[in-house]
Amino acid sequence: MKIFADYHTHSTYSGDGKGTIEENIIAAKKKGLRILGISDHGPKHLGYGVRKKDIKKIKKEIETLNKYHTEIDVKFGIEANIIGVDGTLDLDETIKAELDILLAGYHFGSIPSKLIEGTKIHFYNYLGSLVPTFERRVRFLNTESVIQALYKNDIYILTHPGAKASIDTKEVAKAAVENNTALEINSSHGHMTVEYIRIAMKEGAKFVISSDAHRPKDIGEVDKGIKRALDAGLSVDRIINAENS
Ligand SMILES: [Zn+2]
Ligand SMILES: [Zn+2]
């Protein structure tokens with residue numbers, strides 16, 4: 001099994017990305033990828049989020065580079081933050097309309113839409129990691145946020161489900177199937193785990209394997225993700241960016 005697309009990579013437009021968009025493209029071409037997603041952090045990611053005023057600039061830059069690097073199809077994406085229990089993302093409709101692909105995930109370092117509600121999510125997630133009795137409550141809130149986000153937005157990829165926030169994988173997988181969203185097997189985070197992949201598989205979910213590269217050299221580096229997919233018994237036809245090698 002190998003991948004022909006890496007939809008989840010960060011550029012210098014994310015505060016924690018090291019490569020320019022073109023450096024990412026060159027690295028992706030070297031890896032033999034046919035599709036590359038530039039998917040920087042949504043604007044509400046504390047310190048690392050893309051600046052709203054850069055959105056048009058990024059789109060233009062990708063358009064220009066696509067004309068020059070004709071062997072690869074570069075997609076303009078954003079890894080949006082789920083910032084409310086009601087499934088709110090940190091992107092308004094005008095930004096969403098500019099994108100080729102919308103990715104979304106939960107991140108601790110995101111600024112909540114409503115302070116009290118969001119602080120509650122962060123706080124519960126923090127406590128849940130320390131005190132097991134909070135786990136159920138946390139799980140419920142996280143699962144609800146993700147499911148709402150899936151129904152309210154046209155999300156192509158749900159990034160690293162289960163990482164950073166405990167969720168009910170079965171319920172999230174059902175919502176992902178209904179909304180035609182791929183669940184990410186993230187090679188950097190260790191999520192989804194083999195166990196979670198198996199649960200989501202039973203619901204008929206489709207998957208994507210990503211690098212989540214923050215440096216050009218990590219683009220297309222998905223061996224860990226492929227191993228987990230194989231260990232779970234996942235076949236190529238269930239993975240939107242994989243083919244037989
Ligand atoms: Zn992420
Ligand atoms: Zn990411």
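The values are calculated or read from the model by the stated rules, or taken from the named source; none is laboratory data. Here the structure is a predicted model, which is why all the values come from computation and not from measurement. Neighbour counts are summed over all protein chains in view; Cβ atoms, including those assigned to glycine, are modelled from backbone coordinates with ideal geometry.
Is at least one residue of the range 131-142 among the polar types (S, T, N, Q), buried (at least 24 other Cβ atoms within 10 Å of the Cβ) and part of a helix (DSSP H, G or I)?
yes
Output the residues belonging to the range 90-108 that are surrounded by fewer than 21 Cβ atoms within 10 Å (Cβ to Cβ) and assigned to a loop (DSSP other than H, G, I, E, B).
Start the filter on the range 90-108 by keeping residues that are surrounded by fewer than 21 Cβ atoms within 10 Å (Cβ to Cβ), which leaves 92-101, 108.
Hits for the range 90-108 are 92, 99, 100, 108.
Got at least one residue in the range 17-24 being of a type in the set (A, V, I, L, M, F, W, C), free of Cβ contacts under 8 Å to residues at least 60 places away in the same chain and buried (at least 17 other Cβ atoms within 10 Å of the Cβ)?
Within the range 17-24 (the criterion being of a type in the set (A, V, I, L, M, F, W, C), free of Cβ contacts under 8 Å to residues at least 60 places away in the same chain and buried (at least 17 other Cβ atoms within 10 Å of the Cβ)), the answer is yes, since at least one residue qualifies.
Can we say residue 87 is in contact with a Phe, Trp or Tyr (Cβ under 8 Å, 6 or more places away or on another chain), closer than 27 Å to residue 141 by Cβ and surrounded by fewer than 23 Cβ atoms within 10 Å (Cβ to Cβ)?
So residue 87 passes the test.
Specify the residue that is surrounded by the most Cβ atoms within 10 Å (Cβ to Cβ); the eligible residues are those in the range 191-219 that are of a type in the set (Gly, Ala, Ser) and within 15 Å of ligand 2 (Cβ to nearest atom).
210
Have a look at 101, 111 and point out the one that is touching a Lys or Arg at 6+ places or on another chain (Cβ under 6 Å), modelled with pLDDT of 95 or more and not small (Gly, Ala, Ser). Steps first, answer last, please.
Values: 111 fails: modelled with pLDDT of 95 or more.
The match here is 101.
Considering each of 145, 188 in turn, give the residue that is surrounded by fewer than 20 Cβ atoms within 10 Å (Cβ to Cβ), of a type outside the set (D, E, K, R) and within 16 Å of ligand 1 (Cβ to nearest atom).
Checking each option against the conditions leaves just 188.
Out of all the residues in the range 30-44, is one or more over 14 Å from residue 103 (Cα atoms), in contact with a helix residue (DSSP H, G or I) (Cβ under 8 Å, 6 or more places away or on another chain), in contact (Cβ under 8 Å) with a residue 12 or more places away in the chain and not in a helix (DSSP H, G or I)?
Scanning the range 30-44 turns up no residue that is over 14 Å from residue 103 (Cα atoms), in contact with a helix residue (DSSP H, G or I) (Cβ under 8 Å, 6 or more places away or on another chain), in contact (Cβ under 8 Å) with a residue 12 or more places away in the chain and not in a helix (DSSP H, G or I).
Contact list please: Cβ distance under 7 Å, first residue in the range 160-174 and farther than 14 Å from residue 145 by Cβ, second residue buried (at least 20 other Cβ atoms within 10 Å of the Cβ) and polar (S, T, N, Q), pairs at least six apart or on different chains.
160/186; 163/186
Condition check: at pLDDT 95 or above, of a type in the set (Lys, Arg) and more than 13 Å from ligand 1 (Cβ to nearest atom). Does residue 120 satisfy that?
Judged against the criteria, residue 120 is not a match.
Could you list all residues from the range 208-229 that are within 16 Å of ligand 1 (Cβ to nearest atom) and either outside any loop (DSSP other than H, G, I, E, B) or without any contact (Cβ under 8 Å) to a residue 24 or more places away in the chain (or both)?
Once the filter is applied, which keeps residues that are within 16 Å of ligand 1 (Cβ to nearest atom) and either outside any loop (DSSP other than H, G, I, E, B) or without any contact (Cβ under 8 Å) to a residue 24 or more places away in the chain (or both), the range 208-229 yields 208, 209, 210, 213, 218, 224, 225.
Taking into account only those residues within the range 50-79 that are touching a residue at least 60 places away in the same chain (Cβ under 8 Å) and buried (at least 20 other Cβ atoms within 10 Å of the Cβ), which is nearest to ligand 2 (Cβ to nearest atom)?
Filtering the range 50-79 for residues that are touching a residue at least 60 places away in the same chain (Cβ under 8 Å) and buried (at least 20 other Cβ atoms within 10 Å of the Cβ), the one nearest to ligand 2 (Cβ to nearest atom) comes out as 79.
Within the range 165-184, work out how many residues are surrounded by fewer than 19 Cβ atoms within 10 Å (Cβ to Cβ) and either hydrophobic (A, V, I, L, M, F, W, C) or in a loop (DSSP other than H, G, I, E, B) (or both).
Count: 4.
Can you pull out every residue in the range 51-76 that is under 12 Å from residue 15 (Cβ atoms) and assigned to a loop (DSSP other than H, G, I, E, B)?
Taking the range 51-76 as the starting set, the residues that turn out to be under 12 Å from residue 15 (Cβ atoms) are 51, 54.
51, the sole residue that qualifies.
Could you check residue 48 against (1) in a helix (DSSP H, G or I); (2) farther than 14 Å from residue 77 by Cα and say which number it fails?
Going through (1) in a helix (DSSP H, G or I); (2) farther than 14 Å from residue 77 by Cα one by one, residue 48 breaks only (1).
Taking the criterion of being in contact with a helix residue (DSSP H, G or I) (Cβ under 8 Å, 6 or more places away or on another chain), under 26 Å from residue 122 (Cα atoms), in a strand (DSSP E or B) and within 16 Å of ligand 1 (Cβ to nearest atom), would at least one residue in the range 2-25 satisfy it?
The answer is yes; a qualifying residue exists.
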